[in-house]
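Please read the structure below before turning to the comments.
The values are calculated or read from the model by the stated rules, or taken from the named source; none is laboratory data. These figures come from a predicted structure and were not determined experimentally. Remember, those area values only see protein heavy atoms, side chains included, never the ligands or the DNA or RNA. Shrake-Rupley method; radii C 1.70, N 1.55, O 1.52, S 1.80 Å.
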Amino acid sequence: MKRTAAPTAAHHAPADWTQESLEDELHRSLGRLVYEAARFDFFVGLQLNWLGPYLQVDVSKYLTPSKYTLDNRLAILRKLVRKAYRSAGPEVIAEFDQWFASARSARALRNDYAHGRWGVPGKLAESPLGPHHPRIPMLAFVRLDWDMKPNQPDRSVYMTVEELKEQVAEAVAVFRAFFGLSEKHKHHCLPQ
């Protein structure tokens, strides 16, 4: 997760923002992230349903959502992909491994953002256009924990609504990238 620098002119919020409009934008972005992660989890299950039998590996236990998580499904999918595409060579396997690392990060972002706490606005930042322009509302995010010791430093991560939208778009792009990657290299996976 990125810590943000001072907002740029591109992240300039409208002068007429309200608490409600910021919350609506936050909810829209978080909803998209949760929705796309659920869709991705379903797609990973479909891949397991195909690759497991194709490689004669029983994956049925991983398709029990009450016992196994998306992280578990990604781990077994990675093993199956490495087996199915091994004839493609180390470059292709490295390409898949890089995608799996990105997918785990995107899944972690979804978990953090869905379970963490948000401040709306968390603070107001100076406009990059100068002090005579409206200040920019920043969202504040804190990962979920119950450490209540006094005098702790501020662990908030501050971002604009636009920066949150960019992070969500990046995660969604990762969720959707597997299909293109598997299609690109499917000829290595198919029987000769």
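Under a cut-off of 18 Å between alpha-carbon atoms, report the aspartates and glutamates in cross-link reach of Lys184, not counting same-chain residues fewer than 8 places apart.
Straight-line reach from Lys184, under 18 Å: Glu91, Glu95, Asp97.
Probe of 1.4 angstrom, ligands and nucleic acids ignored: what's the accessible area per residue over the stretch 42-192, in square angstrom?
57 Å²
With a 10 Å cut-off between alpha carbons and a GNM built on the chain, which of Leu26, Leu77, Leu129 moves the most?
Leu129
Considering only Asp145, Asp41, Asp24, give the residue with the highest GNM mean-square fluctuation for the chain, with springs between Cα atoms whenever their separation is below 10 Å.
Asp145
Can you send over the carbon and sulfur percentage of the accessible area for the chain, probe radius 1.4 Å, protein chains only?
Details: 6260 of 11260 Å².
So the carbon and sulfur contribution to the accessible surface is 56 percent.
With the contact rule set at Cα under 8 Å and sequence spacing of 6 or more, what percent relative contact order holds for the chain?
Dividing the mean separation by the residue count of the chain yields 31 percent.
What lysines does Lys61 reach when the alpha-carbon gap must be under 28 Å and sequence neighbours fewer than 8 apart in one chain are set aside?
Result set, ordered by chain and number: Lys79, Lys83, Lys186.
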